[in-house]
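First the structure, in the form of structure tokens, and then the observations on it.
The values are calculated or read from the model by the stated rules, or taken from the named source; none is laboratory data. Note that the coordinates shown come from a computational prediction; the quantities given were computed from them, not determined experimentally. Backbone-built Cβ (ideal geometry, glycine too); neighbour counts: all protein chains shown. Areas reflect the complete protein model, heavy atoms only, side chains present, ligands, DNA and RNA absent. Shrake-Rupley method; radii C 1.70, N 1.55, O 1.52, S 1.80 Å.
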Amino acid sequence: MRPGDLLSHKQAGRPIAVLTAWDALSAALVEEAGAEVILVGDSLAMVVLGHATTLPVSLEEMILHTQAVGRGLRRPPASQPLVVTDLPFLSYQCGLDDAVAAAGQVLKATPAAAVKLEGGEPETVAVVDRLVRSGIPVMGHLGLTPQSVHRLGYRRQANDPISQERLRRAALDLEAAGCFSLVLEHVPAELAGSLRRELTIPVIGIGAGDDCDGQVRVTADLLGLTERQPPFCPPLLNGRQLSITALRGWVEGVGQAKPPALTPPAGPGHPAPPTTPAAPATPHC
Ligand code: KIV
């Protein structure tokens, strides 16, 4: 799967399933499940690295996790899902050259064929334009943008006509700058639906209703592995509790096992224990 293939999916009305992965194990599950796109999202900062927000994760860590994701893929390269890696906070905000270097590093060192970045301010649109002109496919991300948590929180975004119009213009600007798809997170469903119709590129929703060209979810949330899931991502199973119960059963089994008594080691200072004469072998017949 290549970035441009997502457009054919939209045109043919084939929904696009995007799931996150963060290592070889999760990548193998997601590939086997049939997702068209694997997103190495910077949510891994919270989900697997234990940070309180996505801000601390570094470019080097994103590269390391994307390399592990690549090692988990089993299909022949031509039929593998498209791997997209999030550019982490401050890897693309400090200048166009830095952004190209960061995104280029991801494409050089990992199996990712595209990067995702957050926001639609003019400065971000300029970064998208520069990356695309440098040959780097870019997925946009508007609405709830976790890298802006200290400004916007984790609330639903674009709730009034003015902010909806601002988001709509940002989406059009990102498309014009060359984004090959756009994630819309935690925005009103009607807004996502109308943007899906207005934009040529696919709109991939999370907490944005069903009227999208595709959906993206954090795999650990879907599997119920995280302690709390966002309200717009109900788990498919209670993976955390199932795992804890299974592991607790195993731990209790170890506690109740009666291992054979230890025989003291022989050697200097440890006289060999008296041996009992071997019993005559019992014939089997
Ligand atoms: O980091 C991430 O996992 C994401 C998805 C929630 C879209 O950006």
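Data overview
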read-out	value
The range 5-242: relative contact order as a whole-number percent, Cα under 8 Å and 6+ apart	17
Cα lying deepest toward the dipole's positive end in the range 5-242, options Tyr154, Leu172, Gly224, charges on Cβ	Gly224
The range 145-191 versus the range 33-66: alpha-carbon centroid distance in Å	21
Apportionment of accessible area to carbon and sulfur, the chain, percent (1.4 Å)	59
Angle between the chain longest axis and helix 96-109 axis [Cα atoms, degrees, rounded to 10]	40
Cys94/Val254 FRET efficiency (R0 41 Å; Cβ-Cβ; nearest 0.05)	0.20
Residues of the chain: accessible area per residue with a 1.4 Å probe, Å²	54
Cα-centred dipole magnitude for the range 5-242, charges only on beta-carbon of K, R (+1) and D, E (-1), debye, nearest 20	280
Over the range 105-230, relative contact order from alpha-carbon pairs under 8 Å, at least 6 apart, %	20
Shape of the range 5-242, Cα gyration tensor, a/c cut at 1.5	rounded
Gained length - Gln11 relative to Arg155, 0.36 nm times residue gap less alpha-carbon distance	48.7 nm
Nearest-ten-degree value, helix 122-133 long axis tilted from longest Cα axis of the chain	70
